Every structure is written in C-alpha cells, then in structure tokens.
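Down below is the structure, laid out as structure tokens.
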Amino acid sequence: MATLPVSAEELIEKYGPSLNYPPKEGFAGRDEPDKEVKTHCCFCGMQCGMKLLVKENKVVGFEPWMEFPYNEGRLCPKGVERYLQNNHPDRLMYPLRRVKGLGFARMPWDEALEHTVSEIKRIQEKYGNDAFGMLSGVSLTNEKSYLVGKFARVALKTANLDYNGRLCMVSAGAGNKKAFGLDRISNSFEDLERAEVIIVTGANISETFPTLTHWIWRARDYGAKLIVVDPRMIPLARTADLHLPVKPGTDSALYGAMLKYLADHDMLDHDFIRDHTSGFDEALEIVKD
C-alpha cells in the first residue's frame with residue numbers, strides 16, 4: 001500500500017491545493033490585455049465559447065463571448081475559473097523525486113526521463129508490454145489525444161488505452177450512433193426551447209452540463225413539461241413535473257414499458273417510423289410481453 005513520504009499537512013503546504021483568500025486591501029487589478037483570443041472551455045462536452053485575455057503571452061482573465069450561439073456568454077464555475085490553471089501556484093513545472101522523510105525533491109528533466117524509461121523497460125521485461133496502461137483525459141486537444149494513442153500503441157506497445165470519457169461520453173456516443181447514426185447530439189440545443197415535453201434520463205445536467213440548464217428553463221417558460229429519470233433527487237428533479245426514481249439497472253425495463261404503452265394505445269408516428277427507422281417491428285416484439 002502506498003504511504004505518504006511526509007505528513008499530508010506538509011504536502012498541502014508545499015504543493016497545494018492553495019485556497020485563495022482575498023487580502024484585506026483586495027486583489028490587485030490586472031493590466032489591460034494585449035489581445036483577446038476566442039476559444040472554447042474544454043471541461044465537458046458542451047464546449048462553451050469564451051474569450052481569453054492575454055498579457056505578455058500569459059492568460060490573465062476572460063470575457064464572455066456573447067455571440068457564441070450555444071452558451072451566449074454563460075459559463076459554469078469550471079469555465080469561469082479555467083483561465084487560472086496556466087499560472088496557478090499549484091501547477092507543477094518540473095519533475096519531482098520522492099524522498100522518504102523529506103517529501104519530494106526537484107530533479108533534472110533528463111534524469112527523470114531516463115529513470116522513467118528504464119523503469120518501464122524493467123517492468124515490461126518481467127511482466128510483458130500490457131503491464132502498462134495509458135489513461136488519457138477528455139480535456140485534451142485532438143492533437144494531444146492522437147499523441148497519447150501513438151505513445152501507448154507504438155512506444156509502450158500496450159493494448160491498455162482508455163480515457164475518462166469511458167464513464168460518460170462513450171456510452172452517450174455509442175447510443176446516439178446506434179439510434180441516429182451520429183456519435184453526438186443530432187439536433188441543436190435551441191430546439192429544446194419549443195419542446196412540449198422534455199425527458200432527462202441518465203444525465204445530471206445541473207451539475208455536469210450547467211449551461212444546458214438555461215435551454216430547459218426557456219422551454220419551461222413556454223409551458224414544457226419536465227420528466228426526470230434518476231435514482232437520486234438531482235437538482236433538476238426538484239422542479240420536475242414527474243420524477244421517476246428507478247432502481248439502478250432498470251432503465252431498459254422502463255423504456256420497454258413506455259414503448260409497449262405507446263404501441264398498445266396506437267400513439268406512434270407511423271409515417272416517421274416507416275420512413276426513418278429500421279428494426280422497429282423487432283423492438284415491438286421484444287416488449288410485447
């Protein structure tokens with residue numbers, strides 16, 4: 001079992017997390033930026049538009065991008081604080097060696113790389129190439145994700161490559177691909193504004209896609225009914241017209257029952273089914289009993 005080289009308090013004091021409390025005189029204002037750079041927040045699948053303020057090639061702040069069609073300038077707490085990462089005092093800028101009793105000590109890059117490579121070779125020679133796995137992150141750019149894949153398959157020669165989206169976006173992408181032929185949403189979020197009924201299932205929108213909540217509120221203003229399917233009382237469920245707290249693993253039974261009810265009461269759009277779906281009769285056969 002891994003143990004700390006020094007106390008947790010010592011590690012926090014040296015490496016963070018650092019809590020930013022405002023000084024009595026207040027925070028100093030920033031200088032006027034040299035330029036604004038239009039970009040996207042990288043923290044979730046919403047990819048909200050934002051403007052980063054740059055001074056002497058460092059990000060010093062942000063401004064809302066009001067013209068961006070999806071979030072229209074709105075940002076959640078993650079997006080608001082995104083610009084602080086690059087120059088945050090807790091950011092590690094050099095390799096650290098674990099030293100028992102002292103914590104961590106700085107080491108040269110060349111030495112760190114040589115040590116890493118030698119340990120990878122030693123472990124793979126003993127346990128095989130697949131002894132290593134690569135875990136990437138969904139916040140990386142396409143180019144960085146490509147390099148991670150190449151490093152795993154070409155350099156490490158391991159079959160074990162994954163990323164944190166396995167727990168969220170992969171299942172959504174696979175479902176959309178099977179249902180609509182596209183691995184992402186097939187319509188504009190603006191369409192929600194005029195929806196008569198919105199069913200939210202398998203998504204904690206208020207906490208994971210906060211800027212999407214706006215479009216649901218817009219629909220509610222126009223009279224839309226809201227149904228939330230979730231085992232928990234998530235924030236969005238508190239104002240729902242109907243909250244279905246299904247037991248984990250019973251989602252398919254719920255959807256099958258809904259389909260059977262629609263079919264039994266002839267509440268289906270037969271023209272749409274004929275022109276735009278496949279395998280529908282097989283689906284009805286599965287849920288008939």
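The values are calculated or read from the model by the stated rules, or taken from the named source; none is laboratory data. Just so you know, these numbers come straight off a predicted model, no measurement behind them. For neighbour counting, all protein chains shown are included, and Cβ atoms are generated from backbone atoms with ideal geometry for every residue, glycine included.
Within the range 48-71, the set of residues being assigned to a loop (DSSP other than H, G, I, E, B) and either surrounded by 15 or more Cβ atoms within 10 Å (Cβ to Cβ) or in contact with a Leu (Cβ under 8 Å, 6 or more places away or on another chain) (or both) comprises Cys48, Trp65, Phe68, Tyr70, Asn71. The set of residues in the range 96-146 that are hydrophobic (A, V, I, L, M, F, W, C), over 20 Å from Tyr15 (Cβ atoms) and surrounded by 13 or more Cβ atoms within 10 Å (Cβ to Cβ) comprises Ile120, Ile123, Ala131, Phe132, Met134, Val138, Leu140. Residue pairs whose Cβ atoms lie under 8 Å apart, separated by 6 or more positions or on different chains, with the first residue in the range 114-128 and modelled with pLDDT of 95 or more and the second of a type in the set (Gly, Ala, Ser), are Ile123/Ala131; Gln124/Ala131. Count of the range 32-47 residues, restricted to those that are touching a Lys or Arg at 6+ places or on another chain (Cβ under 6 Å), surrounded by fewer than 16 Cβ atoms within 10 Å (Cβ to Cβ) and farther than 30 Å from Asn204 by Cα, is 2.
In summary, Lys78 fulfils each of the numbered conditions (1) out of contact with any helix residue (DSSP H, G or I) (no Cβ under 9 Å at 6 or more places or on another chain); (2) among the charged types (D, E, K, R); (3) not in a loop (DSSP other than H, G, I, E, B) with the single exception of condition (1). The set of residues in the range 160-176 that are out of contact with any strand residue (DSSP E or B) (no Cβ under 7 Å at 6 or more places or on another chain) and among the aliphatic types (A, V, I, L, M) comprises Leu167, Met169, Val170, Ala172, Ala174.
Yes/no per residue for (1) surrounded by 13 or more Cβ atoms within 10 Å (Cβ to Cβ); (2) under 26 Å from Pro69 (Cα atoms); (3) in contact (Cβ under 8 Å) with a residue 60 or more places away in the chain; (4) in the same structural domain as Ala283 (by TED's automatic domain parsing):
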| residue | (1), (2), (3), (4) |
| --- | --- |
| Lys157 | no, no, no, no |
| Leu182 | no, yes, no, yes |
| Asn204 | yes, yes, no, yes |
| Pro210 | yes, yes, yes, yes |
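Inside the range 273-289, residues that are part of a loop (DSSP other than H, G, I, E, B) and either of a type in the set (Ser, Thr, Tyr) or closer than 13 Å to Leu262 by Cα (or both) make up a count of 3. Test Glu143 against the stated conditions and say whether it is among the charged types (D, E, K, R) and under 30 Å from Gly45 (Cβ atoms). Judged against the criteria, Glu143 is a match. When Ile234 is evaluated against the numbered criteria (1) surrounded by 16 or more Cβ atoms within 10 Å (Cβ to Cβ); (2) more than 19 Å from Met46 (Cβ to Cβ), which criterion, by number, is the only one it fails? Just one mismatch for Ile234, condition (2).
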